[in-house]
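Chemist: This is the structure I have questions about; it appears just below.
The values are calculated or read from the model by the stated rules, or taken from the named source; none is laboratory data. What you are looking at is a predicted structure, and each value in this text was computed from that prediction instead of being measured. Don't worry about glycine lacking a Cβ; one is built from the backbone with ideal geometry, like all the others, and counts go over all protein chains shown.
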Amino acid sequence: MSTLQADIQAVAALKEQAGSSWDAINPESAARMRAQNKFKTGLDIAKYTADIMRADMAAFDADKTKYTQSLGCWHGFIGQQKMISIKKHFNGQTDRRYLYLSGWMVAALRSEFGPLPDQSMHEKTSVADLVRELYTFLRQADARELGGLFRALDAAREAGDSAEEAKIQDQIDNHVTHVVPIVADIDAGFGNAEATYLMAKQMIEAGACCLQIENQVADEKQCGHQDGKVTVPHADFHTKLRALRYAFLELGVDNGLIVARTDSEGAGLTKEIAVVKEPGDQGDVYNSFLDVEEIDVADMAEGDVVFNRGGKLVRPKRLPSGLYQFRPGTGHERCVFDCIEAINAGADLLWIETAVPTVHEIKGMMDDVRKVHPDAKLVYNNSPSFNWTLNFRQQAYDAMVEAGQDVSAYDRASLMSAEYDESELAAAADARIKTFQADTAREANVFHHLITLPTYHTAALSTDNLAKEYFGEEGMLGYVKGVQRKEIRQGIACVKHQNMSGSDMGDDHKEYYAGENALKAGGAKNTSNQFN
């Protein structure tokens, strides 16, 4: 018996117990509403999606071609459209496709203060609010799709087409949800470990199964692709990793995932000297990367900070800001150490923020991490902060030089120029970009690839093109030709925007509640019928 049929029988039994006051209640209508609301709480979603991610990680361990991907979303509609599009283009499945919730986009687009830089200045609750909003829209996508199937089921019954009825019933019984895992950015925790724990609880209760936290100082937080990043000693970072784990365990999401991000590759500063309890411990290693000078006690100035390193008195270089400086060129080593220690502290996945997207650099760091933790898996930010065209054309240029090929036709510093778009070098670079995710999955154990801000950029680009044409010579044709005609021909669901906003579901409910007396919007005079 299908779940739908079981629910029909269950509601029918309740109706019989309730007596005549429930005479107008249709058990099948109630069962349909239950089917359209598969996930009752955010915790239901978090548990369900955590299991999906764990299964995907196991599949990736067995087959490196099975890496996962996501696109950043700053609004529920964006996430909904992404998953509807995926189901449309990939045989109705959402396998290994997630959503990413970017702290950068929350700061830039969701704060009541207006657009903000990625410095954790936005409201803490706005992150959990966005998780909740994303899943609200994804659940509505389920309800909308199932509503269409229910209407098709009714039509098949009315036509007496039992074969079609059975086919649609099977689609209902085996419906693939639009609800997928969200990798959610909690920045540096927005405060101390207790603040991190409290914020994590909100995000998990909203549905997040995977939280990504970085090793920067919370009140000095910077975007991973900007300068001025300040890291914390490992003991401080690990208290926050444990705070996340406790939040998951308290809420019963035992399979919850933690992504530990290191910004050490580009972070040359620290706010504090680590506590050393014994030689060679985490604190000792952290301090070993500091840029220091050996001094004599007599050389100490008032207010100097000094410590003992191997029996010698050393003074770390301190900037006017009060921050301490790491030795240049230690980024790779510090990233590797961060990753190893994060896994030791309970992280499930790693995130290394790099200056440029190069397979060999990512592989080099992960090779060193995997000497200690062979199964270590990486989440990698395929960031729009990289100039992908220029970076990969320069990589292709350097490869040509190394191979002894003639590069006299190219100016390495100007390879972004459109004059090179049809060149052999550009084709080679594009080939590298195309396989970048597969290459790093295979070579560097990158389990999850994400683009943090794609919908921020696509919204800007499409709006710019529409404004240029609509307010220019094209007039209304700028919209019709550039937007609506493409929506219709590409089968974009939101061309029927009334349906997307829930109008047809509202009609269904009106019929459930009022029967023949229902005043429905989807009649003959509804102009949306022009898109049928």
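For every residue, the table says whether it meets (1) surrounded by fewer than 15 Cβ atoms within 10 Å (Cβ to Cβ); (2) assigned by TED's automatic domain parsing to the domain that holds Asn255; (3) of a type outside the set (Gly, Ala, Ser); (4) within 18 Å of the chain's Cα centre (by Cα).
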{"position": "Ala152", "(1), (2), (3), (4)": "no, yes, no, no"}
{"position": "Glu165", "(1), (2), (3), (4)": "no, yes, yes, no"}
{"position": "His175", "(1), (2), (3), (4)": "no, yes, yes, no"}
{"position": "Ala200", "(1), (2), (3), (4)": "no, yes, no, yes"}
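Chemist: Look at Val285 and say whether it is assigned to a loop (DSSP other than H, G, I, E, B), of a type outside the set (S, T, N, Q) and surrounded by 15 or more Cβ atoms within 10 Å (Cβ to Cβ).
Modeler: no
Chemist: Mind checking whether some residue in region 76-88 is under 30 Å from Thr196 (Cα atoms) and either of a type in the set (Phe, Trp, Tyr) or surrounded by fewer than 17 Cβ atoms within 10 Å (Cβ to Cβ) (or both)?
Modeler: yes
Chemist: When only residues in region 89-121 that are in contact (Cβ under 8 Å) with a residue 12 or more places away in the chain and of a type in the set (S, T, N, Q) count, which is surrounded by the most Cβ atoms within 10 Å (Cβ to Cβ)?
Modeler: Ser102
Chemist: Right, something else. Only residues that are exposed (fewer than 13 other Cβ atoms within 10 Å of the Cβ) and not small (Gly, Ala, Ser): list them for region 458-476, please.
Modeler: Within region 458-476, Thr458, Leu461, Thr463, Asp464, Phe471, Glu473, Met476 meet the criteria.
Chemist: Are any residues in region 288-324 in a loop (DSSP other than H, G, I, E, B), among the charged types (D, E, K, R) and out of contact with any Pro (no Cβ under 8 Å at 6 or more places or on another chain), and if so, which ones?
Modeler: Answer for region 288-324, where residues must be in a loop (DSSP other than H, G, I, E, B), among the charged types (D, E, K, R) and out of contact with any Pro (no Cβ under 8 Å at 6 or more places or on another chain): Asp296, Glu302, Asp304, Lys317.
Chemist: As an exercise: evaluate Arg261 against (1) surrounded by fewer than 22 Cβ atoms within 10 Å (Cβ to Cβ); (2) among the charged types (D, E, K, R); (3) at pLDDT 90 or above and give the number of the one condition it does not meet.
Modeler: (1)
Chemist: Then there is this: I'm told Lys124 meets every condition in (1) surrounded by fewer than 21 Cβ atoms within 10 Å (Cβ to Cβ); (2) out of contact with any Phe, Trp or Tyr (no Cβ under 7 Å at 6 or more places or on another chain); (3) not aromatic (Phe, Trp, Tyr) except one. Can you identify the failing condition by its number?
Modeler: Going through the list (1) surrounded by fewer than 21 Cβ atoms within 10 Å (Cβ to Cβ); (2) out of contact with any Phe, Trp or Tyr (no Cβ under 7 Å at 6 or more places or on another chain); (3) not aromatic (Phe, Trp, Tyr), Lys124 breaks only (2).
Chemist: Would you check which residues across region 258-282 are assigned to a loop (DSSP other than H, G, I, E, B), in contact (Cβ under 8 Å) with a residue 24 or more places away in the chain and among the small types (Gly, Ala, Ser) and list them?
Modeler: Hits for region 258-282 are Ser264, Gly266, Ala267, Gly268, Ala274.
Chemist: Here's a check for you: in region 23-69, which residue that is polar (S, T, N, Q) and surrounded by 18 or more Cβ atoms within 10 Å (Cβ to Cβ) is nearest to Asp375 (Cα to Cα)?
Modeler: Filtering first and then ranking leaves Thr68.
Chemist: Identify all residues within region 330-388 that are of a type in the set (Val, Ile, Thr), in contact with a Ser or Thr (Cβ under 7 Å, 6 or more places away or on another chain) and assigned to a helix (DSSP H, G or I); write none if there are none.
Modeler: Val359, Ile362
Chemist: Every residue in region 430-457 that is within 23 Å of Arg393 (Cα to Cα), hydroxyl-bearing (Ser, Thr, Tyr) and at pLDDT below 95, please.
Modeler: Passing the criteria: only Thr452.
Chemist: What are the residue pairs meeting all of these: first residue in region 419-439, first residue over 20 Å from Val401 (Cα atoms), second residue assigned to a loop (DSSP other than H, G, I, E, B), Cβ atoms under 8 Å, and 6 or more apart or on different chains?
Modeler: Phe436/Pro357; Phe436/Asn382; Gln437/Tyr67; Gln437/Asn382; Ala438/Thr65; Ala438/Tyr67
Chemist: Gln530 - would you say it is loosely packed, with under 15 Cβ neighbours inside 10 Å and within 30 Å of Thr65 (Cα to Cα)?
Modeler: no
Chemist: With the condition kept exactly as written, say whether any residue in region 506-524 is over 21 Å from Leu461 (Cβ atoms), within 30 Å of the chain's Cα centre (by Cα) and either surrounded by 12 or more Cβ atoms within 10 Å (Cβ to Cβ) or acidic (Asp, Glu) (or both).
Modeler: Within region 506-524, not a single residue is over 21 Å from Leu461 (Cβ atoms), within 30 Å of the chain's Cα centre (by Cα) and either surrounded by 12 or more Cβ atoms within 10 Å (Cβ to Cβ) or acidic (Asp, Glu) (or both).
Chemist: Looking at Gly72, Gly42, can you tell me which residue is more than 15 Å from Val379 (Cβ to Cβ) and in contact with a helix residue (DSSP H, G or I) (Cβ under 8 Å, 6 or more places away or on another chain)?
Modeler: Every option except Gly42 fails the conditions.
Chemist: A follow-up question, please. Determine which member of the set Glu205, Glu194 is modelled with pLDDT of 95 or more, under 28 Å from Ile84 (Cβ atoms), charged (D, E, K, R) and in a helix (DSSP H, G or I).
Modeler: The conditions single out Glu205.
Quick grid of which residues meet (1) modelled with pLDDT under 95; (2) within 15 Å of the chain's Cα centre (by Cα); (3) of a type outside the set (Gly, Ala, Ser):
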{"site": "His89", "(1), (2), (3)": "yes, no, yes"}
{"site": "Leu99", "(1), (2), (3)": "no, yes, yes"}
{"site": "Ser102", "(1), (2), (3)": "yes, yes, no"}
{"site": "Val106", "(1), (2), (3)": "yes, yes, yes"}
{"site": "Glu112", "(1), (2), (3)": "yes, no, yes"}
{"site": "Leu116", "(1), (2), (3)": "yes, no, yes"}
{"site": "Ser120", "(1), (2), (3)": "yes, no, no"}
{"site": "Thr136", "(1), (2), (3)": "no, no, yes"}
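Chemist: To continue, here is another question. Can you spot a residue in region 162-180 that is of a type in the set (Ser, Thr, Tyr), outside any helix (DSSP H, G or I) and in contact with a helix residue (DSSP H, G or I) (Cβ under 7 Å, 6 or more places away or on another chain)?
Modeler: Scanning region 162-180, I find at least one residue that is of a type in the set (Ser, Thr, Tyr), outside any helix (DSSP H, G or I) and in contact with a helix residue (DSSP H, G or I) (Cβ under 7 Å, 6 or more places away or on another chain), so the answer is yes.
Chemist: If you don't mind, another one. Find the residue count for region 482-525, including only residues that are under 23 Å from Asn37 (Cα atoms) and either assigned to a helix (DSSP H, G or I) or not aliphatic (A, V, I, L, M) (or both).
Modeler: The total comes to 24.
Chemist: For region 471-510, give me each residue that is under 18 Å from Phe150 (Cβ atoms), of a type in the set (D, E, K, R) and touching a helix residue (DSSP H, G or I) at 6+ places or on another chain (Cβ under 8 Å).
Modeler: Within region 471-510, Lys496, Asp504, Asp508 qualify.
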